[in-house]
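The values are calculated or read from the model by the stated rules, or taken from the named source; none is laboratory data. If you're wondering where the values come from, they're calculated on a predicted model, not measured in any experiment. Heavy atoms of the whole protein, side chains included, go into the accessibility calculation; ligands, DNA and RNA do not. Shrake-Rupley method; radii C 1.70, N 1.55, O 1.52, S 1.80 Å.
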Amino acid sequence: MSKPNNDPARQPQPGAAEAIDMSAAAAIEAGEAEINKLRADLEDANDRVLRCQAEFDNVRKRLRREMEDDRRYSILPLLEDLLPVLDNINRAIAAAEKSSGDRGLLDGVKMVAQSLVAALAKHGCQRIDALHKPFDPTYHQAISQQPSDEYPPGTVILVAQDGYRLHDRVVRPAQVIVSTSSNPPSG
């Protein structure tokens, strides 16, 4: 049989149960605080991951657009070099039409000009149609203004040099003369 425990050191002290309950409650409270902190850290980490994924998607889309633009407009330097050649061919045609020279040669040069224009069009380079259109600084470069009774003010009445665009980007604006009112403003 066991002996009753009469050792005063082993006897529960008054208030010891309350102290144990308080330390257990403090431990539970500390554990709940740690759990809440870990939840907040997890939410923050998830938020950062979502932001990184969104940023990565944006970078990937931007790079795809830039690569597409680079591919689409890669022939731009070549066009800038070829357009003056086309201008010279057109000047030669205009000069030959005014003279009474060899018609066969003129027809041949016209065919060369047409094939060059067709080759440019095949790659997305189009002449900017400017004559008798409203002046648009996006596509036209005004080199002069001229009074006109025939056209309303702000209309392109003469194209000095053709402009070209590659897809939707202007390679070279058309150099134009723009109409103004033939009546001087009264003041």
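By a 1.4 Å probe calculation restricted to protein chains, Y164 has an accessible surface near 10 Å², given to the nearest 10. The length gained on full extension between V170 and A121, counted as 0.36 nm times the residue separation minus their Cα-Cα distance, comes to 16.2 nm.
Straight-line cross-link partners of K122 among the lysines, defined as a Cα under 20 Å from its Cα and at least 8 positions apart when in the same chain: K110. Only beta bridges with both residues in the chain are counted; by DSSP, about 60 percent of them are antiparallel. Could you name the lysines in cross-link range of K37, using Cα to Cα under 25 Å and dropping any fewer than eight places away on the same chain? Reachable lysines: none. At full extension, Q145 and A94 could sit 16.0 nm farther apart than now, given 0.36 nm per residue minus the alpha carbon distance. Between the entries (i) 55, 33, 28; (ii) 142, 54, 17; (iii) 45, 32, 31, the label attached to Cα extents along the principal axes in Å calculated for this structure is (ii). Close amide H partners of Q161, meaning residues 5 or more places away or on another chain with modelled amide H under 5 Å apart, are Q175. Applying a length cut-off of 20 Å (Cα extent along the axis) and a mean Kyte-Doolittle floor of 1.6 to the DSSP H helices of the chain leaves no helix. In percent, rounded to a whole number, the relative contact order of the chain is 15, using alpha-carbon pairs under 8 Å and six or more apart. In the chain, helical runs assigned H by DSSP with n ≥ 4 each contribute -39500 (n - 2.57); averaged across all residues and rounded to the nearest 500, the mean residue ellipticity at 222 nm is -19500 deg cm²/dmol.
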